[in-house]
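Values in this text are rule-based calculations from the coordinates and carry no lab data. Since this is a predicted model, take the numbers as computed values, not measurements. Counting neighbours? That spans all protein chains shown, and the Cβs are built from the backbone with ideal geometry, glycine included.
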Amino acid sequence: MDLQMAYCATCDRPVRVMVKKPPPPGEVVNPDDVICLDHGEVCGGGSICPIFDVPSEQMKKNLEGLNP
């Protein structure tokens, strides 16, 4: 898992993001494998993550999955 920084338009700031399992070349990343480590209250108001284009609830589940 590689930690990166990305700009989030919803938060209007850089956030920490990672992909648990990168896709094979030429394929799209699986929505279950993308995580915004700074997912929070601001994100709950939106319906889609502007960085990974996945539903906010999916991002919340992905983040919770890091800490079973």
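Candidates A9, L66, P25 compared by Cα position along the dipole of the chain: farthest toward the positive end lies L66, with charges placed on Cβ. Basic side chains Lys and Arg get +1 at the Cβ, acidic Asp and Glu get -1 at the Cβ, and with that the dipole of the chain about its Cα centre reaches some 100 debye. Computed over the chain, the per-residue total of -39500 (n - 2.57) for DSSP H runs of n ≥ 4 gives a 222 nm mean residue ellipticity of -5000 deg cm²/dmol, rounded to 500. When peptides 11-20, 34-43 are ranked by their average number of other Cβ atoms within 10 Å per residue, the highest-first order is 34-43, 11-20.
All other residues whose Cβ lies under 12 angstrom from that of M1 are scored, Lys and Arg at +1 and Asp and Glu at -1, for a net of +1. Both radii are taken from the alpha-carbon atoms of the chain; with Rh as the Kirkwood radius, Rg/Rh is 0.94.
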